[in-house]
Amino acid sequence: MSESSGAPHSLLACGLPVPPPPLPAPDSLARARLLVAPSLDSCLVRELERIAGRGAEPLADVPPPSDAPLLCVGDALPDALRADRLLWFHSITAGSDRLLSGGLWPGQALLTRTVGRMGERMAQYVLGWMLAEAQSVPEFAEQHARAHWERLPSELVAGQTALIYGTGRIGAAVGRLLTACGVRTVGVARTTRYGPEPGTERAVPPGFDRVIGAAEDTGALGEARWVISTLPLTAATEGFFGADRFAAVRGATFLNVGRGATVDMGALETALRDGRVRRAVLDVLPTEPAAPEDPVWQLPRTVITSHSSGITTDEDIAVDFAACWADVTAGRRPGLTVDTGRGY
């Protein structure tokens with residue numbers, strides 16, 4: 001999935017608070033036409049129809065006739081549907097940057113997303129690469145290719161520190177799995193959602209030994225063995241990992257399972273070449289897919305995977321849409337609601 005190269009539009013780009021939209025009124029939801037992305041599997045579409053209690057129509061550039069409210073399920077919102085008719089959009093992906101950067105979001109429209117078991121998958125991806133590095137798997141694979149026998153050292157992940165950027169559902173899932181392996185986990189929250197001001201005590205969410213603010217991460221970067229990003233792409237996180245942050249790293253391995261455009265790739269390359277960053281594992285890139293001639297393939301001590309750490313399944317979409325539907329019809333705001341002001 002390609003990243004958006006530009007900053008999100010409107011209030012999101014300005015960082016202004018956006019009041020949450022009202023929940024869809026029961027009568028409006030009852031009249032809403034269900035539009036689904038044509039790419040969705042027919043079995044998934046039938047399940048969405050069962051949950052919503054109505055037939056589905058294709059989500060296309062041209063809205064259906066009549067002035068009925070619209071309930072959409074997909075990964076993109078055509079300009080023609082960014083209108084007052086849009087009642088609710090359920091994204092089939094966890095990231096909302098493409099939806100919010102594509103144009104002005106209708107302020108009255110509810111936006112929910114699919115997370116499913118993504119956090120669990122991404123946590124296992126992160127732990128897998130950490131263990132592979134600790135057990136010298138890349139070096140042993142290279143030795144095997146040369147039929148070369150040499151004993152290599154290993155290290156334990158237990159007792160070492162992982163700095164995890166993003167303390168939401170996905171970051172917390174990563175933290176929980178690493179904690180179970182004895183890794184000391186420090187969460188980095190971009191905002192002070194868990195405390196009033198930088199430097200003060202915060203309530204620590206499950207999965208983290210402690211949480212700090214992004215403005216106070218310099219010391220923690222120097223102490224970490226692994227720096228892990230689960231950050232979404234917003235106007236505030238574009239280029240977040242730049243020269244200043246990489247300059248504070250002291251031999252950590254950098255893993256990015258969030259969004260590619262949160263990283264200044266030139267700054268990462270410099271940090272890799274001067275040894276401040278030991279290795280990099282990048283599941284996401286600013287431009288995807290990377291062409292064969294893209295210089296990113298030449299980064300030293302780097303592995304690139306194909307945006308596959310948190311693949312969303314049809315079951316994830318159905319389960320999360322059903323949960324959101326149950327909440328909305330009961331008059332509750334879904335836990336998977338996207339704050340369109342923050343972008344996540």
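The values are calculated or read from the model by the stated rules, or taken from the named source; none is laboratory data. The model shown is predicted, which means the values in this text are computed figures rather than measured ones. Counting neighbours? That spans all protein chains shown, and the Cβs are built from the backbone with ideal geometry, glycine included.
Annotations
- Residue in the range 270-292 that is aliphatic (A, V, I, L, M) and either free of Cβ contacts under 8 Å to residues at least 12 places away in the same chain or not assigned by TED's automatic domain parsing to the domain that holds Ser136 (or both) present: yes
- A single entry from Val249, Val257, Val211, Val227 fulfils the requirement of being within 15 Å of Gly171 (Cα to Cα) and in contact with a Lys or Arg (Cβ under 6 Å, 6 or more places away or on another chain): Val211.
- Enumeration of residues in the range 275-298 that are crowded, with 17+ Cβ neighbours inside 10 Å and either under 23 Å from the mean Cα position of the chain (by Cα) or more than 22 Å from Met130 (Cβ to Cβ) (or both): Val277, Arg279, Ala280, Val281, Leu282, Asp283, Val284, Leu285, Pro286, Val296
- Remark: Leu99 falls outside the filter, which requires a residue to be at pLDDT 95 or above, under 30 Å from Arg332 (Cβ atoms), crowded, with 17+ Cβ neighbours inside 10 Å and assigned by TED's automatic domain parsing to the domain that holds Pro65.
- Residue match in the range 307-322 (condition: surrounded by fewer than 18 Cβ atoms within 10 Å (Cβ to Cβ) and free of Cβ contacts under 8 Å to residues at least 24 places away in the same chain): no
- Residue check for Thr340: more than 22 Å from Trp105 (Cα to Cα) and assigned to a loop (DSSP other than H, G, I, E, B): no
- Identity of the residue in the range 124-170, basic (Lys, Arg) and modelled with pLDDT of 95 or more, that ends up surrounded by the most Cβ atoms within 10 Å (Cβ to Cβ): Arg146
Residues checked against (1) of a type in the set (A, V, I, L, M); (2) in a helix (DSSP H, G or I); (3) in contact with an Asp or Glu (Cβ under 7 Å, 6 or more places away or on another chain):
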site	(1), (2), (3)
Ala271	yes, yes, no
Val296	yes, yes, no
His307	no, no, yes
Thr312	no, no, no
Ala318	yes, yes, yes
Ala323	yes, yes, no
Arg332	no, no, no
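- Restricting attention to the range 138-162, the residues being in contact with an Asp or Glu (Cβ under 8 Å, 6 or more places away or on another chain) and part of a helix (DSSP H, G or I) number 1.
- Ala326 modelled with pLDDT of 95 or more and closer than 30 Å to Leu34 by Cα: yes
- Selection count where residues are within 30 Å of Ser28 (Cβ to Cβ) and assigned to a loop (DSSP other than H, G, I, E, B), scope the range 100-137: 12
- From the list Thr161, Thr112, the lone residue that is in contact with a Cys (Cβ under 6 Å, 6 or more places away or on another chain) and at negative phi is Thr112.
- Any chance Ala236 is modelled with pLDDT under 95 and surrounded by fewer than 18 Cβ atoms within 10 Å (Cβ to Cβ): no
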